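Heads up: the structure comes next, in structure tokens.
Nothing in this text is a laboratory measurement; each read-out follows from the coordinates by a stated rule. Remember, it's a predicted structure, so these values are computed and weren't measured experimentally. For neighbour counting, all protein chains shown are included, and Cβ atoms are generated from backbone atoms with ideal geometry for every residue, glycine included.
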Amino acid sequence: MLRQINLVIFVLAVFSQVSCGGQSPTTTTTTPSATTPADSKREDIPKNLVRLYLLADVTAVSPGQELRIAARFDIEPSWHIYWTNPGEAGIPTTVEFGLPPGFSAEPIRYPGPVSFDGGEGIISYGYQELAMLSTEVTAPLKLNSNKKLHFSATASWLACREMCIPGKAEVRMSLDVATQAVPSAPANETMFAAHENRLPSSNDKLALEWKSGSPATLEVFIPSAQRVEYFPSVTEQSSLAGQLAIPENDGVKLILSFKNSAPHQVTGVLGINNTDQRTIRYVQLTVPNPSTNN
């Protein structure tokens, strides 16, 4: 169970517009839905703690084309929002994408988080400064070139520093259907490239070994690593007892210990600083527990 955190009951709604590849966005008309208590008027609390934008990686859409859209969260310095598993305190950041008729979308992709120490042993996971939640979208095989394509993103979050303030917003954008006169071209390339680099990869071949006993442990060796941190999934949060990173053979051995109710499989994310201390990458673990799957 998540520990309780002190919330200022205030919904901060930020309504932003974004132009994608020169296209003009439609206007957002969402209205705030909560009262504002006196505490939220303190001068040291910025009005726009989180600014929400909607981006696409193309300027126009061709029939059958695969593209990416993303909700971008610009976060006020020294504040943070939360990952899909917020840890021991917090609320997950969520986004729901609205698509034109006939379009389909894959599951939402969360980049790897960082950890925050809230004091008294409370550790949470999330994002600071900037974060993007994205999805891969496929257009239908037939599109009407005379009509604009309308996309939207409705997001909610909890922004925290010494206090926590919930917020929500809706943003929209419109793209043209690609034609000879208006071809599809890449857009927001730098931003999407940085986002892709922070998405957990499942390509790493890591040495993994379960150790029976009390507590049950999973040992993971990560070569060419300087620092490693494990971010548990929501289903593991209550069963993870601790983690220990030990330098070993030009890498790091990570030992994850679990309580008596060890999970059926480990499905969290590794955050890895390579030996150059500059490269940060994330690896998605999916490791069945043989003692619970017999």
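Odds and ends about this structure:
- Here LYS205 is the anchor, and the lysines within straight C-alpha reach of less than 22 Å, apart from those fewer than 8 places off in the same chain, are LYS253.
- Measuring between their Cα centroids, region 126-165 and region 173-236 lie 18 Å from each other.
- Candidate aspartates and glutamates - alpha carbon under 20 Å from LYS148, same-chain residues fewer than 8 apart omitted: ASP57, GLU66, GLU136, GLU170, ASP176
- Electrostatic tally near GLU76: other residues with Cβ closer than 10 Å to its Cβ, Lys and Arg +1, Asp and Glu -1, net +1.
- Straight-distance crosslink candidates among aspartates and glutamates, where the alpha carbon sits under 12 Å from LYS211 and sequence neighbours closer than 8 are dropped: GLU219
- Neighbour net charge for ARG281 - beta-carbon separation under 10 angstrom, K R +1, D E -1: 0
- Take the Cβ atoms of ALA207 and ASP74, set R0 to 51 Å, and the FRET efficiency comes out at 0.85.
- Basic side chains Lys and Arg get +1 at the Cβ, acidic Asp and Glu get -1 at the Cβ, and with that the dipole of region 118-203 about its Cα centre reaches some 420 debye.
- Region 207-292: relative contact order as a whole-number percent, Cα under 8 Å and 6+ apart: 31
- Cβ-Cβ FRET estimate between THR286 and GLU120, R0 fixed at 45 Å, reported to 0.05: 0.90
- In this rough spin-label picture, where each label sits 7 Å from Cα along the Cβ direction, the GLU196-GLU96 distance is 3.0 nm.
- Net charge contributed by nearby residues that have their C-beta within less than 12 Å of THR59 (K/R +1, D/E -1): -3
- Using a Förster distance of 22 Å, the FRET efficiency for LYS148-GLN180 (Cβ separation, nearest 0.05): 0.80
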